[in-house]
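Take a look at the structure below.
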């Protein structure tokens, strides 16, 4: 069986990190890269692994690659501190690593929870996300936000979802979308992009229509309405900020 390193980046995640670490303690190694936590995050992590490093922030993609560089094994499972691998998911990952790995990269479905409620519609499930990979062949794009693993060709699929306890409520969601939109705008500005009026006027309502009607967000009731409207506003924000920051 191929050995596996789990990589996690953290900052002030004492509410989530223990659940995350318990779900991957079966791995051969856990590597944590922390940035300026002021709560008990680092203390909790050191109860599970001695591979805990404290470094400056470089953006989500770069941070995950720095964490993988410190991993001893070639096969890496990257997991966020607010995520959890189910026992069934752990067995499926072990089964992949026992045999001949036909792919260099595997993706998972992801179950996203909003204030402990599973969001089934509006594009929130199955939310395919790539997380298991051979670091000698695959790495994260070094973007500030919305990083992804590349190359992403010939990707294998796992069936058991990653459990993602993403947002504690509306305030948490709005605060993070504000932060993510700023990171998105900075990256776009650095590449020379500025939003036009079509981005500001047309894309937000299109985003709402797609998530609420085409992806059936209305089936999640009021939560579906809130999420579709909030994502439309996020779409406006990320483009508006390219013109102002």
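The values are calculated or read from the model by the stated rules, or taken from the named source; none is laboratory data. Since this is a predicted model, take the numbers as computed values, not measurements. Here the Cβ positions follow ideal geometry from the backbone for every residue, glycine too, while neighbour counts run over all protein chains shown.
Structure notes:
- Remark: residue 76 matches the filter, which requires a residue to be within 21 Å of residue 142 (Cα to Cα) and surrounded by 22 or more Cβ atoms within 10 Å (Cβ to Cβ).
- Hey, residue 59 at positive phi and in contact (Cβ under 8 Å) with a residue 40 or more places away in the chain or not: yes
- Among the residues of the stretch 3-28, those identified as crowded, with 17+ Cβ neighbours inside 10 Å, over 16 Å from residue 86 (Cα atoms) and over 17 Å from the mean Cα position of the chain (by Cα) are 4, 5, 14.
- Scanning the stretch 40-79 for residues that are in a loop (DSSP other than H, G, I, E, B), within 19 Å of residue 23 (Cβ to Cβ) and touching a strand residue (DSSP E or B) at 6+ places or on another chain (Cβ under 7 Å) gives 46, 48, 49, 51, 71, 73, 79.
- Qualifying residue in the stretch 156-175 (condition: in a helix (DSSP H, G or I) and surrounded by 17 or more Cβ atoms within 10 Å (Cβ to Cβ)): yes
- If you filter the stretch 219-245 down to residues that are over 23 Å from the mean Cα position of the chain (by Cα) and in contact (Cβ under 8 Å) with a residue 60 or more places away in the chain, you find that the one that is farthest from residue 173 (Cα to Cα) is 245.
- Selection from the stretch 67-95 of residues that are touching a helix residue (DSSP H, G or I) at 6+ places or on another chain (Cβ under 9 Å) and more than 25 Å from residue 168 (Cα to Cα): 75, 76, 90
- From the options 194, 186, residue that is assigned to a loop (DSSP other than H, G, I, E, B), in the same structural domain as residue 238 (by TED's automatic domain parsing) and over 16 Å from the mean Cα position of the chain (by Cα): 194
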